[in-house]
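The values are calculated or read from the model by the stated rules, or taken from the named source; none is laboratory data. Predicted model, so just to flag it, every value in this text is computed and none were measured. When we count neighbours, we look across all protein chains shown, and the Cβ atoms used for this are built from the backbone with ideal geometry, even at glycine.
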Amino acid sequence: MERSFILAGILFVFLGIFLGAFAAHGLSAAGLEQGKIESFKVGVNYLFYSGFGMMIIGGLRERFDFMMKFHFRMILFGTILFSGSIFILAVAPLIDWELGKFLGPITPIGGTMMILGWFSLFVKYLRQIAD
């Protein structure tokens, strides 16, 4: 499981760097409004946060004596849904997509999944060290 955390973390950090550069250079050149670029950057930031967190958890795996599949999946899919929906919603005007009604609710679902994944990992670890 630690390999999955580390690999996903590295991928998220790579995508954060790649998409951050795209936001800084490509989106304004394409004529996207500043508010949409700022939204896009929020998605990039959460890729970084989750990526670094996942790499740290993967590196510290020996300190966790419990299965982490649930936590991993919640953080992984939550980040993909949260950041991915923000990315698509931000660039949708460039490609004339009307996705707000469909993707708008996906963003908070992804965010909630990330929160649940990290919080449940926190609670599980607190219980472990209390024993």
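With respect to Leu27, is the statement that it is touching a helix residue (DSSP H, G or I) at 6+ places or on another chain (Cβ under 6 Å), farther than 30 Å from Val123 by Cα and buried (at least 18 other Cβ atoms within 10 Å of the Cβ) true?
Yes; evaluated as a whole, the condition is true for this residue.
Which of the residues spanning region 84-131 are among the hydroxyl-bearing types (Ser, Thr, Tyr) and touching a residue at least 60 places away in the same chain (Cβ under 8 Å)?
Passing the criteria: only Tyr125.
Can you confirm whether region 71-80 contains a residue that is among the basic types (Lys, Arg), within 30 Å of Leu126 (Cα to Cα) and at pLDDT 90 or above?
Scanning region 71-80 turns up at least one residue that is among the basic types (Lys, Arg), within 30 Å of Leu126 (Cα to Cα) and at pLDDT 90 or above.
Which residues, counting only those in region 3-14, are surrounded by 14 or more Cβ atoms within 10 Å (Cβ to Cβ) and without any contact (Cβ under 8 Å) to a residue 60 or more places away in the chain?
Ile6, Gly9, Ile10, Leu11, Val13, listed by residue number.
So, in region 56-75, how many residues would count as being within 20 Å of Met113 (Cβ to Cβ), surrounded by 12 or more Cβ atoms within 10 Å (Cβ to Cβ) and among the basic types (Lys, Arg)?
Selection size over region 56-75: 1.
Give the residues of region 90-102 that are out of contact with any Ser or Thr (no Cβ under 7 Å at 6 or more places or on another chain) and modelled with pLDDT of 80 or more, sorted by residue number.
Listed by number, the residues that qualify are Val91, Ala92, Pro93, Leu94, Ile95.
With region 25-131 as the region, which helices (runs of 4 or more DSSP H) entirely inside it contain at least 1 residues that are within 26 Å of Phe5 (Cβ to Cβ), hydrophobic (A, V, I, L, M, F, W, C) and over 20 Å from the mean Cα position of the chain (by Cα)?
Because the criterion is at least 1 residues that are within 26 Å of Phe5 (Cβ to Cβ), hydrophobic (A, V, I, L, M, F, W, C) and over 20 Å from the mean Cα position of the chain (by Cα), the helices (runs of 4 or more DSSP H) in region 25-131 that meet it are 106-130.
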